[in-house]
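Structure first, then comments.
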Amino acid sequence: MTESAHPFAPPAHERRWIEAVTELSKGFAATAAEFDETAELPIANLRALHATGLDRATLPAEYGGEDLSYRTYGEIVRILSAACSSTACIWVMHIGAAVGLVQMSAPEVARSYADEVIGGRRFANALSEPSSGNMFLMPQQVAEPVDGGFRLTGAKRFVSGCEVADHFLVNALVDGAPTFFGVSPDDSMSFVPIWDTMGLRASRSQLVSFEGTVLREDRRCPPSTVRRPNHIGAGLAFLSLGIADAAAEALVTHARNRVIPATGQPLSEMQWLQFEVADVHTRLEAARMYSQNMAWLADQNSPEFLPATMTAKVLANDIARDVAQLALKAGGGSGFLRTSPIQRLFRDAQAGGLMAYSSEVCKDRIGKTVLLPQA
Ligand SMILES: Cc1cc2nc3c(=O)[nH]c(=O)nc-3n(C[C@H](O)[C@H](O)[C@H](O)COP(=O)(O)OP(=O)(O)OC[C@H]3O[C@@H](n4cnc5c(N)ncnc54)[C@H](O)[C@@H]3O)c2cc1C
């Protein structure tokens with residue numbers, strides 16, 4: 001079966017986007033270790049992605065985009081994440097906030113956001129609160145009415161790419177209801193440098209502080225009346241799959257080249273490793289296929305998309321951790337060295353399961369759905 005004939009595969013007419021990202025990703029992979037070391041934002045990578053026209057392509061056609069399919073989007077996140085997972089993380093959040101604001105805003109505002117995307121402005125999600133944790137769509141911080149909008153004092157944390165963002169998607173409680181706003185940074189917002197982490201270091205997901213920030217009424221998103229997939233829910237499984245791919249590749253390269261002195265044979269010929277590699281390989285294939293199914297459901301705008309994001313995320317988060325763990329085991333002391341990609345991928349692989357909805361939150365929902373018919 002050819003790739004384009006497979007229903008879950010990216011549509012053939014979008015192939016050029018995958019080729020463009022594959023080409024760029026060679027350079028991203030070459031600098032990923034340096035960005036991990038310095039924890040600097042890979043802004044040149046993000047600009048290079050924009051320069052291909054890819055950001056525009058993700059927009060709805062009525063706003064100048066190409067309605068890029070979720071199947072192609074997922075594949076792109078995966079390729080990016082295998083090369084530089086911090087770049088992929090910021091890009092997922094950027095597209096999630098940008099397309100989200102275009103889809104959720106009133107038409108004139110949506111058009112102005114679309115123009116900003118096309119012009120290369122950067123977007124970020126400021127949704128998670130220190131107190132609400134994983135429940136990032138259920139803000140606890142209240143925005144009080146003032147002239148022209150609502151005033152927010154509080155904080156959002158782990159806002160990937162916030163320091164270069166021109167626009168934020170922010171949520172807060174208004175009249176007791178979670179409400180989304182588009183917000184441009186001003187002096188009332190500051191970035192608290194908390195992001196000294198074990199993984200995804202270059203995503204620079206800092207704490208954003210709001211000191212009486214006005215959430216403008218004319219940038220308030222009207223309540224949503226239609227079902228739409230979103231790019232963050234669709235993208236997070238692929239973020240973990242890309243890390244799993246890179247860890248698997250690092251494992252294989254090491255196992256083929258490392259000759260065990262006692263036997264004189266490469267590590268790859270050891271049966272224990274062959275069995276363990278077969279285990280993670282089959283699970284990675286299953287997670288890949290399920291995630292492609294999830295992206296296809298997004299392309300159908302199916303009601304099954306939302307539960308599928310949780311299943312895909314659990315499968316992808318878990319296999320990324322397990323492949324990276326096996327790579328570290330096979331890598332031995334060499335994989336433990338800072339010069340090895342294995343230790344970096346092991347650290348990066350921990351992030352997916354922490355990001356909302358965490359693996360535990362997803363499993364909680366899935367378990368309740370299976371066991372409790374009314375859930
Ligand atoms: C790399 C990275 C990038 C991020 N980028 C962004 C971003 O750009 N924008 C943004 O808004 N946020 C972002 N986040 C935040 C993220 O989406 C989560 O909201 C956040 O990581 C939750 O962290 P927490 O410490 O509050 O976890 P908590 O919610 O306190 O979780 C702690 C533990 O409790 C478990 N737990 C929590 N709730 C439940 C429950 N209901 N049932 C069962 N178990 C539960 C969790 O699984 C976990 O084991 C990012 C996070 C990371 C790690």
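Take Ser190 and decide whether it is within 15 Å of the ligand (Cβ to nearest atom) and within 28 Å of Ala88 (Cα to Cα). For Ser190, the condition - within 15 Å of the ligand (Cβ to nearest atom) and within 28 Å of Ala88 (Cα to Cα) - is not met.
Residues in region 330-375 that are in a helix (DSSP H, G or I) and either more than 16 Å from the ligand (Cβ to nearest atom) or hydroxyl-bearing (Ser, Thr, Tyr) (or both): 12 in all.
Contact map, region 332-347: residues that are open to solvent by less than 50 Å² (accessible area, probe 1.4 Å) paired with residues that are of a type in the set (Val, Ile, Thr), Cβ distance under 7 Å, separation 6+ or inter-chain. Pairs shown: Gly335/Ile342; Leu345/Ile243.
Within region 200-237, the set of residues being within 14 Å of the chain's Cα centre (by Cα) and among the small types (Gly, Ala, Ser) comprises Ala202, Ser203, Ser205, Gly233, Ala234, Gly235, Ala237. Quick one: would you say Gly353 is at pLDDT 95 or above and either among the hydroxyl-bearing types (Ser, Thr, Tyr) or more than 23 Å from Ala202 (Cα to Cα) (or both)? Criteria not met by Gly353. The set of residues in region 205-221 being open to solvent by less than 60 Å² (accessible area, probe 1.4 Å), farther than 11 Å from Arg157 by Cα and out of contact with any Gly (no Cβ under 6 Å at 6 or more places or on another chain) consists of Gly212, Thr213, Cys221.
Has region 250-269 got any residue that is without any contact (Cβ under 8 Å) to a residue 60 or more places away in the chain, of a type in the set (Ser, Thr, Tyr) and surrounded by 14 or more Cβ atoms within 10 Å (Cβ to Cβ)? Among the residues of region 250-269, at least one is without any contact (Cβ under 8 Å) to a residue 60 or more places away in the chain, of a type in the set (Ser, Thr, Tyr) and surrounded by 14 or more Cβ atoms within 10 Å (Cβ to Cβ), which makes the answer yes.
Per the listing Ile95, Ile90, Ile79, the residue uniquely of a type in the set (A, V, I, L, M) and either open to solvent by 10 Å² or more (accessible area, probe 1.4 Å) or at positive phi (or both) is Ile79.
Going by what's in this entry, would Gly199 be described as within 12 Å of the ligand (Cβ to nearest atom), more than 18 Å from Met104 (Cβ to Cβ) and in contact with a His (Cβ under 8 Å, 6 or more places away or on another chain)? So Gly199 fails the test. In region 146-162, of all residues being in contact (Cβ under 8 Å) with a residue 12 or more places away in the chain and open to solvent by 70 Å² or more (accessible area, probe 1.4 Å), the one that is farthest from the ligand (Cβ to nearest atom) corresponds to Arg151.
For Ser128, the stated conditions hold: it is within 29 Å of Asn45 (Cβ to Cβ) and either away from the ligand (no atom under 15 Å from the Cβ) or surrounded by 15 or more Cβ atoms within 10 Å (Cβ to Cβ) (or both). Of all residues in region 49-67, those being closer than 19 Å to Ser25 by Cβ, open to solvent by 10 Å² or more (accessible area, probe 1.4 Å) and of a type in the set (A, V, I, L, M) number 1.
Filter region 166-214 down to residues that are in contact with a Pro (Cβ under 7 Å, 6 or more places away or on another chain) and among the small types (Gly, Ala, Ser), then give me how many there are. Here the count works out to 2. Annotation: of all residues in region 38-48 being in contact (Cβ under 8 Å) with a residue 60 or more places away in the chain and part of a helix (DSSP H, G or I), the one that is surrounded by the most Cβ atoms within 10 Å (Cβ to Cβ) is Leu46.
Taking first residues from region 212-229 that are more than 13 Å from Phe180 (Cβ to Cβ) and partners that are at pLDDT below 95, no Cβ contact under 7 Å between residues at least 6 apart in sequence or on separate chains turns up.
The values are calculated or read from the model by the stated rules, or taken from the named source; none is laboratory data. Computed from a predicted model, the values in this text were never measured in an experiment. Glycine also receives a Cβ, built like all others from the backbone with ideal geometry; neighbour counts cover every protein chain displayed. Only protein heavy atoms, including side chains, enter the accessible area calculation; ligands, DNA and RNA are left aside. Shrake-Rupley method; radii C 1.70, N 1.55, O 1.52, S 1.80 Å.
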